[in-house]
Amino acid sequence: MKAKRAVIVGYDAISPLGSDLDGQWRQAVAGKSGIGPLTRFPLKDDFPVRIAGQMPDIDHEPYPFLTARHQAAWHSPVFRYGMLSAARALGRSGIEITPAIAPRVAVTYSSAVGGIDAVLTADRRLQGENRLPHPYANPNSCINMIGGKIAMQTGARGPIIATITACATGLTSILTGAMLLALNRADVVICGAVDCALVEPIVAGFHTMNGVFNPRQGEEEQPPEKASRPFSLDRRGFVISEGAGSIILASREFAMAHGLRFVIELAGWGMTSDAHHFVVPYVDTIRQCMVDALQDAGLQPADIAAVNAHATSTRVGDQVEYDALTQVFAGALPPVSANKSQIGHAMGASSAIETILALRGMEEGVVLPTINHRPDPEMAIDCVAEGARAVVQEHVLKNAFGFGGCNACAVFRRIG
């Protein structure tokens, strides 16, 4: 049996650039940043991290599952943001999950961090007040419960899988969904990821790992929106943020049979393991991941019009990705866009949101800018530093890499 190809029939995102997708796109094209002061929890005078990318409040959204009662029980924000992104993406797709198709609708929506805030709240309640955890404490902390709640919300009764590959989670959710379609185990897949990692010990932990933005001693203080600097000479670590993104995949056959609009398909993909270091990326396996994606799509490097990079703004990570890109593209590197310059690093949700921005860019013929860029003489890269650029894009390569050496790359093709 010929494997079924995955087409994109809907998507939606919530990010530090806003809650409305069209508004976020306009902000991104204009080169705006969603980074600002960290206000998710009270900051002590000596707390080392002061800035973040925070999602806007969504209490105004007119969805029945966002009732006060629901939010009181499912108090970890991953649920309301994740479920909202999935509901809106499904709405954009035009798919109604009826009892007839429900057994063939899968869910791979996941998270890298999940509801760890619920465990922290329960521990503080237990230790500080000698009160037992809330009955929903454990369910709030289960990463797979995000997909479970989306299935309950939508009525999807096909396979349900929580893909967890650290910062590559959003993209591997899409690739896992494509596998289910190719294996004829589903006709539709609700993919994506949500992360709300602005929790005190997580944020502080990234600081002690030397991962988050840390201004150079004696450096003149700059506004928060200038802190995320992928591929830049003065990059000083990533800005931790939060976000949610959902992508609805369908087999081409299902989409055509049900009159669904689609203009982009997943043309090919690759996944590799570094087997090297728990956080430092490895150029050989990252290069191989890109090569595998290109070969799966039946393409040559010259066919790629633009790259949507992982590009966290760390000293080592950006250099390794650049080195791998130069090996793959052999002196003919296309424009490379680094969305984290605008939205920060939303953990596993980053690659879902960035994929959505890349898809929108393919539809609009626009490559988004990499803001805050100061050229690094060790990286001869065109990262669209001057502002959004008009580029016709038939094929785009998306990269995502995660702690533990989890690499995922995808090639998307415009077909409409």
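State the number of residues belonging to the range 1-29 that are outside any helix (DSSP H, G or I) and in contact (Cβ under 8 Å) with a residue 24 or more places away in the chain. Number of matching residues: 18. Beta carbons closer than 8 Å, at least 6 apart along the sequence or on distinct chains, pair a first residue in the range 115-143 that is under 17 Å from residue 201 (Cβ atoms) with a second that is β-branched (Val, Ile, Thr) and assigned to a loop (DSSP other than H, G, I, E, B) for 115/143; 116/199; 117/199; 120/199.
Assess whether residue 170 counts as being more than 20 Å from residue 81 (Cβ to Cβ), in the same structural domain as residue 13 (by TED's automatic domain parsing), in contact (Cβ under 8 Å) with a residue 24 or more places away in the chain and under 22 Å from the mean Cα position of the chain (by Cα). No: the conditions fail for residue 170.
When the range 152-187 is filtered for residues that are in contact with a helix residue (DSSP H, G or I) (Cβ under 7 Å, 6 or more places away or on another chain), in a loop (DSSP other than H, G, I, E, B) and at positive phi, only 155 remains.
Within the range 155-210, the set of residues being buried (at least 24 other Cβ atoms within 10 Å of the Cβ) and charged (D, E, K, R) comprises 195 only.
Based on what the data block shows, is residue 198 more than 21 Å from the chain's Cα centre (by Cα) and part of a loop (DSSP other than H, G, I, E, B)? Taking the combined requirement at face value, the residue does not satisfy it. Just checking, does the range 371-381 include any residue being over 23 Å from residue 236 (Cα atoms) and among the hydrophobic types (A, V, I, L, M, F, W, C)? Scanning the range 371-381, I find no residue that is over 23 Å from residue 236 (Cα atoms) and among the hydrophobic types (A, V, I, L, M, F, W, C), so the answer is no. Taken together, 265, 242, 253, 321 contain a single residue that is touching a helix residue (DSSP H, G or I) at 6+ places or on another chain (Cβ under 9 Å), among the acidic types (Asp, Glu) and assigned to a helix (DSSP H, G or I), which is 321. When the range 293-311 is filtered for residues that are assigned to a helix (DSSP H, G or I) and out of contact with any strand residue (DSSP E or B) (no Cβ under 8 Å at 6 or more places or on another chain), the ones remaining, listed by number, are 301, 302. Residues of the range 307-327 that are on the phi < 0 side of the Ramachandran plot and either among the polar types (S, T, N, Q) or touching a Lys or Arg at 6+ places or on another chain (Cβ under 7 Å) (or both): 308, 312, 314, 315, 318, 319, 324, 326, 327.
Residues are listed down the side, and each one gets a yes or a no for (1) touching a Cys at 6+ places or on another chain (Cβ under 8 Å); (2) within 24 Å of residue 147 (Cβ to Cβ):
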{"position": "221", "(1), (2)": "no, no"}
{"position": "228", "(1), (2)": "no, no"}
{"position": "234", "(1), (2)": "no, no"}
{"position": "241", "(1), (2)": "no, yes"}
{"position": "245", "(1), (2)": "no, yes"}
{"position": "254", "(1), (2)": "no, yes"}
{"position": "268", "(1), (2)": "no, no"}
{"position": "271", "(1), (2)": "yes, yes"}
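Filtered by the rule that a residue be farther than 21 Å from residue 363 by Cα and among the small types (Gly, Ala, Ser), the range 294-334 gives 298, 311, 313, 317, 324, 330, 331, 332.
Checked against (1) more than 26 Å from residue 342 (Cβ to Cβ); (2) without any contact (Cβ under 8 Å) to a residue 24 or more places away in the chain; (3) under 19 Å from the mean Cα position of the chain (by Cα), residue 80 passes all but a single condition, namely (1).
Residue by residue, here is whether (1) assigned by TED's automatic domain parsing to the domain that holds residue 225; (2) within 18 Å of the chain's Cα centre (by Cα); (3) among the acidic types (Asp, Glu) holds:
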site	(1), (2), (3)
245	yes, yes, no
296	no, no, yes
301	no, no, no
319	no, no, no
328	no, no, no
331	no, no, no
344	no, yes, no
355	no, yes, no
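In a residue-by-residue description of the range 60-72, the property of being closer than 28 Å to residue 355 by Cβ, modelled with pLDDT of 95 or more and not in a strand (DSSP E or B) applies to no position. Looking at this structure, is residue 385 surrounded by fewer than 24 Cβ atoms within 10 Å (Cβ to Cβ), more than 20 Å from residue 265 (Cα to Cα), touching a His at 6+ places or on another chain (Cβ under 6 Å) and not hydroxyl-bearing (Ser, Thr, Tyr)? For residue 385, the condition - surrounded by fewer than 24 Cβ atoms within 10 Å (Cβ to Cβ), more than 20 Å from residue 265 (Cα to Cα), touching a His at 6+ places or on another chain (Cβ under 6 Å) and not hydroxyl-bearing (Ser, Thr, Tyr) - is met.
Looking at the range 92-108, is at least one residue assigned to a helix (DSSP H, G or I), out of contact with any Lys or Arg (no Cβ under 9 Å at 6 or more places or on another chain), in the same structural domain as residue 222 (by TED's automatic domain parsing) and under 23 Å from residue 172 (Cα atoms)? Yes; the residues of the range 92-108 include at least one that is assigned to a helix (DSSP H, G or I), out of contact with any Lys or Arg (no Cβ under 9 Å at 6 or more places or on another chain), in the same structural domain as residue 222 (by TED's automatic domain parsing) and under 23 Å from residue 172 (Cα atoms).
Among the candidates 199, 203, 189, single out the residue that is in contact with a Lys or Arg (Cβ under 8 Å, 6 or more places away or on another chain) and either touching a residue at least 60 places away in the same chain (Cβ under 8 Å) or among the charged types (D, E, K, R) (or both).
Values: 203 fails: in contact with a Lys or Arg (Cβ under 8 Å, 6 or more places away or on another chain); 189 fails: in contact with a Lys or Arg (Cβ under 8 Å, 6 or more places away or on another chain).
Only one candidate qualifies: 199.
The values are calculated or read from the model by the stated rules, or taken from the named source; none is laboratory data. Source: prediction; values computed, not measured. Here Cβ is always computed from backbone atoms with ideal geometry, including for glycine, and neighbour counts include all displayed protein chains.
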